[in-house]
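Notes follow once the structure below has been shown.
The values are calculated or read from the model by the stated rules, or taken from the named source; none is laboratory data. Predicted, not measured: the structure shown is a model, and the values here were computed from it. Virtual Cβ from ideal backbone geometry, glycine too; neighbours counted across all protein chains shown.
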Amino acid sequence: MVKAVKGTFIECDPAAREVLLRLNSEEKFIIEDLDSTHLFIYSTHFERVQRVLDELMDANTYKANIAG
């Protein structure tokens, strides 16, 4: 019998993929690791995954203080 699962196909760079794989070890949300830039995740976790990646990008972005 075939079992259907509702998921979201995401494309990310290899560095973001590694972060998601590490996060997945704590909280299972990846349905299938397709290749080095594509993952298939549960749709219910998409917003959380997006938020985690946004926070990571904000934390690792250089912010120059330009005094005018």
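For the range 29-56, which positions are assigned to a helix (DSSP H, G or I) and either modelled with pLDDT under 85 or of a type in the set (Asp, Glu) (or both)?
GLU47, ASP54, GLU55
For residues that are farther than 20 Å from MET57 by Cα and of a type in the set (Val, Ile, Thr), scanning just the range 1-30, find the one that is surrounded by the fewest Cβ atoms within 10 Å (Cβ to Cβ).
The qualifying residue surrounded by the fewest Cβ atoms within 10 Å (Cβ to Cβ) is VAL2.
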